[in-house]
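The values are calculated or read from the model by the stated rules, or taken from the named source; none is laboratory data. Just so it is clear, the structure is predicted and the values come from calculations on it, not from any experiment. Side chains included, ligands, DNA and RNA excluded: accessible areas come from the protein's heavy atoms. Shrake-Rupley method; radii C 1.70, N 1.55, O 1.52, S 1.80 Å.
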Amino acid sequence: MAKQPITPTAFMAKRAEQQEERRTEAATQAPGDACAHLQVRLYYEDHELVRRVAKRDLQSSIQAFLVEAISARLQELGHAPIRDPGAGRRGGQE
C-alpha cells in the first residue's frame, strides 16, 4: 500500500512538536551540555575543497576544522574560543 502524502497542516504540527521536544531536551541538560546546529550552505566545489583539505591535509573532521576556524576568528576579535562538542548524533547513535 502506498504512503499517503502528508498535508501541510500535519507537517507543520509535526515540526512544531519536534521543535518543542528539542527545546525541552535542551532545557533539561546541564547548561554546558546543550548543543545547537549551525548550518552553512556552500557551492559543491567549495564543499569538496573543504572536505578534501580537512580529511587529507589536516587529517581532521569537517566539524573539528570548522570549530577551529571559528575559534581562531573569534580570538582575533578578542573573544574566547569555542569548545567542540563533537559530531555525535541524537539518541546515542554514532
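Which percent of the Cα-Cα distances in region 39-82 go past 14 Å? That tail contains 55 percent of the Cα-Cα pairs. Our summary of shape: the Cα atoms of the chain have principal axis extents of 51, 36, 26 Å, ordered from largest down, in whole angstrom.
Taking only Cα atoms, what is the 0 to 90° angle, nearest 10, from helix 62-76's long axis to the longest principal axis of the chain? Helix 62-76 and the main axis of the chain meet at about 60 degrees. Relative to the current alpha-carbon distance between Y44 and H79, full extension at 0.36 nm per residue lengthens the span by 9.5 nm. For the chain, the solvent-accessible area with a 1.4 angstrom probe is 93 square angstrom per residue.
Contact order for the chain, expressed relative to its length and based on alpha carbon pairs under 8 Å spaced 6+ residues apart, stands at 13 percent. Between the Cα long axis of helix 8-28 and the first principal axis of the chain there is an angle of about 50°, rounded to the nearest 10.
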